[in-house]
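Single-structure report; data block below.
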Amino acid sequence: MPRFLPTTLRSPRLTLRMLTPSDAASLFAIYRDDETMRYWSCAPWREPVQAVEHITRSEDNYRDGSALQLGVTLRDTGELIGTVTLYAFMRANRRCEIGYLLARPHWGHGYMGEALALLIEHGFEQLELNRIEADLHPANQASAKLLGKLHFRLEGQLRERWLVNGELSGSDIYGLLRSDWRAAGGF
Ligand SMILES: CC(C)(COP(=O)(O)OP(=O)(O)OC[C@H]1O[C@@H](n2cnc3c(N)ncnc32)[C@H](O)[C@@H]1OP(=O)(O)O)[C@@H](O)C(=O)NCCC(=O)NCCS
């Protein structure tokens, strides 16, 4: 399976590109929001330095091939409105996990479906993946609906998998095969 090359992906409304240090303030604004982070695997950020550290980690992960994270930006304005990530690569098995987060003011406009369709296509074609998995908080209905539109299937449930802010939660595990994606003709 290939390592990552410099990656920029474009759809009619969005450009997906690597994060840079100048994104720190925009990223902090997204990840500090309690509502956006309600079902996330860590607590909302409280310090701006967390954004700086996250971007450094994202660059390191890109270089060592452990995760591909892209910022989601609006083509019209260049505004950073979210992130999408392929991570937890098991290259021998051609699989990885997918994660995504969108700034609250931009929910409900179909942006994340558009962004994930680009990333999934990139994963199956350029990265030669065979399977992409998603791990959802069972109460995250918007995310479950979104994955359904992208042809993921609910494959199982894991109990008490996360401990965030003192609260235990389980995971709904979704899977998408390259053959599912091809059979459905994409998004
Ligand atoms: C989940 C998320 C990415 C969805 O992005 P989005 O661009 O708003 O997605 P869409 O506009 O395609 O909306 C998804 C669907 O969920 C529905 N929806 C939105 N909020 C909902 C809610 N609270 N309950 C149930 N359905 C909801 C929408 O109506 C839409 O369905 P429709 O296409 O039939 O109208 C976004 O809400 C988000 O970033 N949330 C916070 C982070 C997060 O939970 N990430 C996923 C972790 S696994």
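The values are calculated or read from the model by the stated rules, or taken from the named source; none is laboratory data. Being a predicted model, the structure only gives us computed values, none of them experimental. Quick reminder, even Gly has a Cβ in these numbers, built from the backbone with ideal geometry, and neighbours come from all protein chains shown.
Kindly evaluate Glu160 against the criterion of being more than 12 Å from the ligand (Cβ to nearest atom), acidic (Asp, Glu) and either in contact (Cβ under 8 Å) with a residue 40 or more places away in the chain or over 16 Å from Asp172 (Cβ atoms) (or both).
Criteria not met by Glu160.
Across segment 91-118, what is the number of residues that are closer than 15 Å to Asn61 by Cβ and of a type outside the set (Asp, Glu)?
4
Does segment 109-141 hold any residues that are without any contact (Cβ under 8 Å) to a residue 60 or more places away in the chain, more than 14 Å from the chain's Cα centre (by Cα) and near the ligand (Cβ under 7 Å from one of its atoms), and which are they?
Matches in segment 109-141: His109, Gly110, Gln141.
Restricting to segment 20-53, and then to whatever is farther than 22 Å from His106 by Cα and either modelled with pLDDT under 95 or surrounded by 12 or more Cβ atoms within 10 Å (Cβ to Cβ) (or both), can you tell me which residue is nearest to the ligand (Cβ to nearest atom)?
Gln50
Given the options Arg75, Arg91, Arg131, name the one that is of a type in the set (Lys, Arg) and farther than 25 Å from Arg178 by Cβ.
Of Arg75, Arg91, Arg131, the one residue that is of a type in the set (Lys, Arg) and farther than 25 Å from Arg178 by Cβ is Arg75.
Only one of Arg75, Arg95, Arg57 is more than 12 Å from the ligand (Cβ to nearest atom), farther than 23 Å from Ser171 by Cβ and of a type in the set (D, E, K, R). Can you tell me which?
Arg75
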